[in-house]
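Please treat every number below as a calculation from the coordinates, not as lab data. Values in this document were obtained by computation on a predicted structure and should not be read as measured data. Note that we place each Cβ from the backbone using ideal geometry, even for glycine, and neighbour counts take in every protein chain shown.
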Amino acid sequence: MTELTYLFAAFAVLVGLVTSVSIWAPRRLWLKLTALGAAALFLPIGYLSLAHLLSLPKPVALEWWLTNAPTATVLGSTTRENEAIYVWLQLDQVPEPRAYALPWNRDLAEQLQAAQREAEQSQSQVRMRLPFEPTLDDREPKFYALPQPPLPPKDVGGAPPQVYDRQSDA
């Protein structure tokens, strides 16, 4: 949410600068009032449009802030044939998950489904390699299932086990 605040603050400063230039320009009073009214309407409309965009998946081509992410955990996904592959990603650098839209690719959709099946069988997670880098290298899969997590270690050391002997009543 902090990115929205910073973007809107920059947006408001720019609107304020343009409005102040139009108000202080040697123009008629009705033009100055119109510029002030337009700025007064522009700010809430701009904030509402930015807030609306928070609920929509972002196309991966428009991600410019986290382009160096090597991997991401796929928390959920859905595909719309000939439209897009929608993924809900947990990036290592960001505490909250984010929604992205990948361009439709049948091979990529099949790869995602296979990785999800494999992850479900091994009770692990699906990872995505280079989520924001468009690559034509198909040697390594973009989606893959993590290996099955190891069993917890046995407690070999420590106190010996307690042994209870039943005393016979004679």
_Read-out semi-axes √(5λ) of the Cα gyration tensor in Å, derived from the coordinates shown; its label in (1) 32, 18, 16; (2) 55, 25, 14; (3) 66, 13, 11_ = (2)
*Gaussian network model of the chain, Cα springs within a sub-10 Å range: biggest mean-square fluctuation belongs to which of 90, 121, 113?*
121
*Put one equal scatterer on each alpha carbon of segment 58-145, apply the Debye formula with no solvent term, and list log10 I(q)/I(0) at q = 0.24 1/Å to two decimals.*
-1.38
*Report the local net charge at residue 60: Lys and Arg +1, Asp and Glu -1, summed over other residues whose C-beta lies under 12 Å from its C-beta.*
+1
*For residue 75, list long-range residues whose amide hydrogen, built 1.01 Å from N in the peptide plane, is under 5 Å from its own amide hydrogen.*
88, 89, 90
*State, in angstrom, two size descriptors of segment 2-53 derived from its alpha carbons: Rg to one decimal place and Dmax to the nearest whole number.*
12.6, 40
_Of 140, 96, 120, the one that fluctuates the most in a GNM where the chain has Cα springs shorter than 10 Å_ = 140
*asked:* List the residues, sorted by chain then number, that are 5 or more residues from residue 125 or on another chain and whose placed amide H is less than 5 Å from its amide H.
replied: 146
*Kindly provide the helix-only [θ] at 222 nm of the chain, computed as the sum of -39,500 (n - 2.57) over DSSP H runs of four or more divided by all residues, to the nearest 500 deg cm²/dmol?*
-13500 deg cm²/dmol
